[in-house]
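The values are calculated or read from the model by the stated rules, or taken from the named source; none is laboratory data. Quantities reported herein were computed from a predicted structural model and do not represent experimental measurements. Here the Cβ positions follow ideal geometry from the backbone for every residue, glycine too, while neighbour counts run over all protein chains shown. Ligands, DNA and RNA are stripped out before the accessible areas are found, and what is left, the full protein with its side chains, is counted by its heavy atoms. Shrake-Rupley method; radii C 1.70, N 1.55, O 1.52, S 1.80 Å.
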Amino acid sequence: MTTTPDPEKKTIEPDIFIERKEDLLVSTPKLSVFKTAITFWRVSLIGILVSFGAIFDCFALIVPNNVVGNPGFIQQFGTVRGPTGEIVALNPSTLSNWNLVTSLGTFIGLGIGNMVSDRFGRKIAFYATTLTLIVSVVLSLTANNGTAWGARGAFAGISQGLLQCSLIPYLGEIAPPRVRGAFLSGYSFFWNLGTLVGGIALYITTESDPLDYKRVFYAQFVFLGVFAAGLVVAPESPWWLTRHGHKDKAIRALERLYGHVSFYDVELEYQTILTTIEAERSQSSLNAQSSDWRMYLDCFKGTNRRRTFVACVPILTQAFSGVVLFFGYTVYFFQQAGYAQPFQANLIFAGVCLLGIVASFFVLDSIGRRPVLILGATICCACCWALGGLGFKEDNSGPGLVLVACIWVFFFSASISPMGYNYVAEIPTQRLRSKVAAIAFGLYAAINLVYAYIVPYMLSPLEWGWGLKTGESVAIDWHFGLTSQQVYSLALFAHWARLHLA
């Protein structure tokens, strides 16, 4: 039976649609990564602006853990007194409790974040992230006791959960395919840029006025301004709008992101998104109105089970590679390892980390995700064993520790760090993307919760008394080194699953 097409309605027959789609996809891959980013300059700019949220979030999480080595902070929050009655140190149990509260906040943020992101949109989740981060900043500047500082950590953890469930899926949904890896590596870049800026601020503060630790946190307002500007210009995700039936808004969002590119067909792209979403729905017994808990169950059914597994392995590799020790307590770690200038070492560490992220821009889309992940996990594992070898030295091995730590952080930031975000954004189906992100980052937070709680006890001479051996002895090296080997094995198993469980 033939039908007369409606002249007012644009339709695309299946065979014509496939042919035009191939034409469009052939046009884009001919461009280099840099040329693609320049050609699609609007979406590139929006991606950069919203990624400033990662700097903002990093300041709220990493910098407070490093400021614990500042003399002014110790005077304000320390409880351990010396022979003459002066405050000389923080109680390690206090550090553990603060990190426990932060990790619990992350769980809350992940639980709230995926629900807000899926039901109300990625941008609403961005606004919620901004609100919790502002509360965290205010508490950073006003807290004068351990309880208030712990509340700061709770809001910082909530913000991290919200951001991970919204920003990473958003970047994966708006990025042109040719530069998706670079976009998602950009999240790691800006996160580590926050580490570098925080390291500079800590170093300057310690050298100029070590008692005024609050000066470090004022830089957050700069990042808040850039992130807020990004929220104003960024449209809602066209994928989210299409899934919720907002065709006109989805097309307007696509036009704002890509409409200036001459060979880009906005209507065709909308049809591609719609076709993909409908295909996902037809393959599942759940529809768009399914309850949240049933959608979580769907992550472990059929091919989604394999997708969820593969998406979780790289982010768990981060957790098992020693990230809490190196990033969570960088200054404190270098202090206990015997390095004379821990704030300087933290600055060097952050700079090398940023170089590794820049290197990842060039290798992810050229070499491939899996080889980079396996290579990075292997080298990070070797560095953990090398730190254990340094524990046999009788003299101060601080400089050697810094060298090995810099090698570790370069390969971590060039491989494992961006891989976690890439896999979470690229592997799951669009319908389950935020749910899989919540599962992956929830597992990551659970592992980090354990490490973040026990590492202060390992480092502090007031508790377990490992001291230098926390980073250098065979004991702690086995703890982190063996788990790195286990994750390396998981990466290999993920490759086997990819080949044999299809």
Computed from the beta carbon distance with a Förster radius of 22 Å, FRET efficiency for residue 297 and residue 127 to the nearest 0.05 stands at 0.15
Looks like region 198-269, by Cα gyration tensor root eigenvalues a ≥ b ≥ c and the a/c under 1.5 rounded cutoff (else prolate when a/b is bigger than b/c, oblate otherwise), is prolate
Calc'd 3J(HN,Hα), region 254-269, phi into Karplus 6.51 cos²θ - 1.76 cosθ + 1.60 (θ = phi - 60°), Hz, glycine/Pro = x, comes to 5, 5, 5, 7, 10, x, 7, 8, 5, 8, 8, 9, 5, 5, 5, 5
Computed from the beta carbon distance with a Förster radius of 30 Å, FRET efficiency for residue 340 and residue 229 to the nearest 0.05 stands at 0.15
With label points set 7 Å from each Cα along the Cα-to-Cβ direction at residue 358 and residue 215, the distance between them in nm comes to 2.8 nm
Note: probe point = Cα of residue 141 + 7 Å toward Cβ; backbone nitrogen < 13 Å; residues of region 213-239 passing the test are 214-225
Scattering profile of region 45-107 from the Debye formula, Cα beads only, expressed as log10 I(q)/I(0) at q = 0.18, 0.29, 0.30 Å⁻¹, is -0.75, -1.19, -1.22
Burial-style ranking of 243-252, 176-185, average other-beta-carbon count within 10 Å with highest first, yields 176-185, 243-252
Per residue, accessible area of region 191-260 with a 1.4 Å probe, heavy atoms of protein chains only, in Å², comes to 43 Å²
Counting only residues 5 or more apart in sequence or on a different chain, those whose built amide H sits under 5 Å from that of residue 89 are 79, 80
Residue span residue 45 to residue 367: 0.36 nm per residue of separation minus Cα-Cα distance leaves a gain in nm of 113.4 nm
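Tell me whether region 240-284 comes out rounded, prolate or oblate; compute the Cα gyration tensor, take square roots of the eigenvalues as a ≥ b ≥ c, and use a/c under 1.5 as the rounded threshold.
oblate
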Burial-style ranking of 31-43, 124-136, average other-beta-carbon count within 10 Å with highest first, yields 124-136, 31-43
Of the listed links 123/247; 247/435; 247/301, those spanning more than 27 angstrom between alpha carbons are 247/301
